[in-house]
Amino acid sequence: MVKKVLVAEDFGSVNEGIVATLTPLGITDVEYVSYCDDAYLKVKKAKQDGKPFDLLITDLSFKPDHRNQKLTSGKELATALSAEHPELKIIVFTHDDRIEKARTLSAIETVRAYVCKGRNGLSDLSTAVKEVDKGNTFYSEAVAQGLSKEANVEITDFDIMLLEQLSKGLLQEEISDYFKENNITPSSLSTVEKRLSKLKDHFNAKNSTQLVAVVKDLGLI
């Protein structure tokens with residue numbers, strides 16, 4: 001049962017909303033940090049002290065300032081904690097409603113919910129906490145349908161780089177040359193052609209222009 005929660009969020013007004021959401025659920029043991037490094041250290045120390053956190057609620061974006069950080073994003077924080085503290089459940093609470101971003105985070109084993117801030121954000125957060133507490137997952141409506149539709153498809157970092165160059169108007173031969181010049185592998189023209197063909201088939205795009213339009217709409221690039 002979720003009793004002890006850590007919130008990683010650098011805006012005080014958001015923290016106030018989270019408090020108002022958790023209190024009716026009977027969760028009063030809540031701690032807050034504004035930096036990912038602090039969140040990482042708090043989780044580690046709490047585990048060492050025998051008083052571990054049950055749940056982490058984290059934003060993805062943190063405004064940089066004068067303080068140097070090893071972990072600069074919620075994704076980096078979730079990845080590090082998932083590897084070292086697999087028992088800790090994580091809810092992502094963010095303005096970023098891009099489907100590919102949600103898919104990337106949901107692939108992290110301990111990320112159990114992806115909640116989009118906005119009009120229904122706090123209501124969704126309440127639902128997410130309840131579902132995660134029961135061992136389920138939860139995704140806000142803005143990303144849920146897209147995640148379900150593309151659940152079995154993995155878009156790699158190579159695909160993203162390929163699509164980014166395509167969006168700049170580069171031809172397949174030029175993309176291949178760009179990859180070779182920047183030591184990006186695989187870089188052969190044959191690989192570029194085959195991968196683009198598969199991406200067009202997957203996204204039902206008739207040509208490169210339509211493919212770029214579709215992936216931009218989905219938030220991949």
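Things worth noting here:
- Between E31 and K198, the simple label model (points 7 Å from Cα in the Cβ direction) yields a spacing of 4.4 nm.
- Segment E84-K44, length gained on full extension (0.36 nm per residue, minus Cα span): 13.5 nm
- Here D177, D96, D59, D217 are placed in order of increasing Cβ neighbour count within 10 Å, fewest first, which gives D217, D177, D96, D59.
- R0 of 35 Å, Cβ-Cβ distance T209-E141: FRET efficiency to nearest 0.05: 0.75
- Taking every DSSP bridge with both residues inside the chain, close to 5 percent are antiparallel.
- Calculated FRET efficiency, K51 to A107, Cβ-Cβ distance, R0 = 25 Å: about 0.25 to the nearest 0.05.
- Rounded to the nearest 500, the 222 nm mean residue ellipticity of the chain from helices alone is -15000 deg cm²/dmol, with -39,500 (n - 2.57) taken per DSSP H run of at least 4 residues.
- Dipole magnitude for segment 4-149: computed about the Cα centre from +1 point charges on Lys and Arg Cβ and -1 point charges on Asp and Glu Cβ, it is near 220 debye.
- Neighbour counts of C-beta atoms inside 10 Å place H66, H85 in the sequence H66, H85, starting with the fewest.
- Range in the chain, longest, excluding exposed GluC sites (Glu not before Pro) [loop by DSSP; at most 10 other beta-carbon atoms within 10 Å]: 1-86
- Legend: translational diffusion of the chain by Stokes-Einstein, Rh = Kirkwood radius over C-alpha pairs, 20 °C, 1.002 mPa s; D = 113 µm²/s.
- Shape call, segment 1-52: gyration tensor on alpha carbons, a/c limit 1.5: oblate
- Prolate is the label for segment 55-182, because a/c, from the alpha-carbon gyration tensor with a ≥ b ≥ c as root eigenvalues, is 1.5 or above and a/b exceeds b/c.
- Multiplying the residue separation of E173 and T127 by 0.36 nm and subtracting their alpha-carbon distance yields 11.7 nm.
- Sorting V129, V33 by the number of Cβ atoms found within 10 Å of their own Cβ, with the fewest placed first, yields V33, V129.
- Over segment 157-217, the Kirkwood radius and the radius of gyration, each from Cα atoms, give a ratio Rg/Rh of 0.94.
- GNM top mover of T127, T110, T191 - the chain, alpha-carbon springs below 10 Å: T191
- The lysines whose alpha-carbon is closer than 16 Å to the alpha-carbon of K63, local same-chain residues fewer than 8 away aside, are K75.
- Shape summary of segment 1-96, radius of gyration then Dmax from alpha carbon positions: 12.6, 38 Å.
- V19 paired with K180, simple spin-label distance in nm, labels 7 Å along Cα-to-beta-carbon: 6.1 nm
- Between I160 and K3, the C-beta separation translates, for a Förster distance of 41 Å, into a calculated FRET efficiency of about 0.55.
Read-outs: derived from the displayed coordinates by stated rules, not from any lab. The shown structure was predicted, so the numbers you read here are calculated from the model rather than taken from an experiment. Cβ sites come from the backbone with ideal geometry, for glycine too, and all protein chains shown count toward neighbours.
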